[in-house]
Structures are given as structure tokens and as C-alpha cells.
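In what follows, a single structure is set out as C-alpha cells and then discussed.
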Amino acid sequence: MTDAVDTAERALIAALKEISDAVERYEAVKELEGRLDLSLKEIKADVAKELYVDRSWNQVGKLLGVTGSRAEQISRAAR
């Protein structure tokens, strides 16, 4: 990961840990988890589609460490 991503991760975790109410902290984590999951799926889909512009799905799969059919599924995951 890049330094910027590491810094952002530490900042998010620190912000969550600052929530004093345990239930509120749990709910904040749960909400953020869902939001991040969707956002990260969208980014992965964008990457797969970007790689596919000049490559086959099998080639994209090799780059991502998955099968070609899985790479194609990843590209559609954010729909």
C-alpha cells in the first residue's frame, strides 16, 4: 500500500476509537464497513474494466491473480 492509504487507514481507525459510546462506536464501524465495501468494489470493478481495454479477460485475470471469468465478474460487481 501507499503511504497515503496507510495514513488514511490510521486516521479512520483513530477516529472510530475516539467514539466513547461503545454502541455508537460499533454502529459507526458497521456503517463505515458497508460504505467502504461498496466503494472498494467499485474501485476494483473500475480497475478490471481499465485493464480490459487492451487485454482479454484471461490476461486481466492473470494480472489480478484470478481466473479470467473471475476478472470479468469483478468488473461487474459494482452494478
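Where a number appears in this text, it was derived from the coordinates with a stated rule and is not lab data. Everything quoted here is computed from the prediction, not taken from an experiment. Every residue, glycine as well, gets a Cβ built from its backbone with ideal geometry; the counts of neighbours run over all protein chains shown.
How big is the charge dipole of the chain about its Cα centre, in debye rounded to the nearest 20, if each Lys and Arg gets +1 on its Cβ and each Asp and Glu gets -1 on its Cβ?
Details: 13 positive and 15 negative charges, 103 e Å.
Roughly 500 debye, rounded to the nearest 20.
According to the square roots a ≥ b ≥ c of the eigenvalues of the Cα gyration tensor, what is the shape class of segment 6-52, taking rounded for a/c under 1.5, prolate for a/b larger than b/c otherwise, and oblate for the remainder? List each step's numbers first, then the result.
Numbers: a/c = 7.62, a/b = 2.30, b/c = 3.31.
Here segment 6-52 falls in the oblate category.
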*What length, rounded to one decimal in nm, is gained on full extension from Ala28 through to Gln59, with 0.36 nm per residue of separation minus their alpha-carbon distance?*
7.3 nm
*What is the list of residues in segment 31-52 whose amide nitrogen lies under 16 Å from a point 7 angstrom out from the Cα of Val66, following Cα to Cβ?*
37-52
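For Ile13 and Leu36 in one chain, what is 0.36 nm times their gap in residues minus the Cα-Cα distance, to one decimal in nm?
Gain on extension, Ile13 to Leu36, equals 7.0 nm.
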*In the neighborhood of Val29, defined by Cβ-to-Cβ distances under 13 Å, what is the net charge if each Lys or Arg adds +1 and each Asp or Glu adds -1?*
-3
*asked:* Taking a ≥ b ≥ c as the square roots of the Cα gyration tensor eigenvalues, with a/c under 1.5 meaning rounded and otherwise prolate when a/b beats b/c, else oblate, which class fits the chain?
replied: prolate
*Count the lysine pairs in the chain that are 8 or more places apart or on different chains: how many have C-alpha atoms under 27 angstrom apart?*
8
